[in-house]
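Visitor: The following block contains the structure, expressed as structure tokens.
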Amino acid sequence: MKAPVSPWFFPASALIVGAALLLVFPLKLLPSLLAGLLAGLLVFELVNRLARPMQRLLAGHMGRVLAVGVLSVLVIAVLGLLFAGAFSLLMHELNNPGRMMGKLLGVVDRAREQLPEALVAYLPANVDDIRVALHDWLRGHISELQLLGKGAVHMFVTVLIGMILGAVIALQSVPEPGQLKPLAGALLTRVQRFVEAFRNIVFAQIKISLLNTTFTGIFLMGVLPLFDVHLPLTKTLIVITFVAGLLPVVGNLISNTAIFVVGLSLSIWVALGALAYLIVIHKVEYFLNARIVGGQIKARAWELLLVMLVFEAAFGIAGLVAAPVYYAYVKSELKAQGWV
């Protein structure tokens, strides 16, 4: 006769998972958690979708193992090359300081011609002044830059581990919670619901990124040309806007900074005008984003905005990024218990 399942396994597993999720903030593991989950889900979805047509040619369990194994290696290799290519491009730019200094001095010269005299006095006069200012700044922030470098390496390793885990999970069937010991089954249920909540937020973020890219594209390719302003690298900026927009909150900061810097190559007023437009658009999008994410996780916009406000006050920018995922997970747990 099967022993009855203790009602304490659910609160015990919920307490363990809840404590782990809250510890993410003081331990500064949120970027690693989100990057690892995103990389794992990406590999898992790609491998599963691509493996279906291959399994028709290679029937049976060994056929699936072979198909998933080959595709896992290919997907991880392609994604790894993309990350390595982006890193190589960045290092190439950093290894040409003279070229960067020339571009920066050109921006400063154009700003000098357009800014009021009171502000011109604060601008560097030549390349040597820029170099000295950068040297002083780097010397004063050497510890932060070292932490940033370590964080970048840690992030890359986390993404790689996430991709490998996604391939491993795609390769084997995950057991049902009922097939495990009670506490292990309860923990697996909590983890599955958290991953499903993260998946829903990712799909919502894709919609948000498309919306943001559309508004930005209209501005860059429609509004600015009406004023006879043709921003260079327009297509590249639109691509950057979409890719960066997949990152909650910080994605807008990345794309806005890129557009502002490119706008400076024309004039300070073009850059400021572009920044003002983007700020207004993002304020409107803030409420649209809450509605999009809320629709994906079956939550009202005001609920999500309130949670984002509380998490930002409690944990800073990390809390603002994590708020939609955490709230989606908590709400899925409450719905599963029939409490909401």
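The values are calculated or read from the model by the stated rules, or taken from the named source; none is laboratory data. This is a predicted model, so every value here is computed, not measured. So basically every Cβ, Gly included, is an ideal-geometry build from the backbone, and we count neighbours across all protein chains shown.
Visitor: In region 180-239, what count of residues is obtained for those that are without any contact (Cβ under 8 Å) to a residue 12 or more places away in the chain and either of a type in the set (Asp, Glu) or farther than 21 Å from Ala336 by Cα (or both)?
Guide: Of the residues in region 180-239, 11 are without any contact (Cβ under 8 Å) to a residue 12 or more places away in the chain and either of a type in the set (Asp, Glu) or farther than 21 Å from Ala336 by Cα (or both).
Visitor: Follow-up. Return the total of residues in region 207-254 being among the acidic types (Asp, Glu) and in contact with a helix residue (DSSP H, G or I) (Cβ under 6 Å, 6 or more places away or on another chain).
Guide: So in region 207-254, the residues among the acidic types (Asp, Glu) come out as 228.
With the extra rule that they be in contact with a helix residue (DSSP H, G or I) (Cβ under 6 Å, 6 or more places away or on another chain), the set shrinks to none.
Within region 207-254, residues that are among the acidic types (Asp, Glu) and in contact with a helix residue (DSSP H, G or I) (Cβ under 6 Å, 6 or more places away or on another chain) number 0.
Visitor: Before we move on, is Thr257 assigned to a helix (DSSP H, G or I), at pLDDT 80 or above and under 15 Å from Ile208 (Cβ atoms)?
Guide: In short, no.
Visitor: Let me ask something else about it. Among the residues of region 195-253, count how many are charged (D, E, K, R) and touching a Phe, Trp or Tyr at 6+ places or on another chain (Cβ under 6 Å). Show your work before the answer.
Guide: In the first step, residues of region 195-253 are kept if they are charged (D, E, K, R); the result is 196, 199, 207, 228, 235.
Restricting the remaining residues to those that are touching a Phe, Trp or Tyr at 6+ places or on another chain (Cβ under 6 Å) gives none.
Residues in region 195-253 being charged (D, E, K, R) and touching a Phe, Trp or Tyr at 6+ places or on another chain (Cβ under 6 Å): 0 in total.
Visitor: So Ala204 fits all but one of (1) under 26 Å from Leu334 (Cα atoms); (2) touching a helix residue (DSSP H, G or I) at 6+ places or on another chain (Cβ under 6 Å); (3) modelled with pLDDT of 85 or more; what number is the exception?
Guide: (3)
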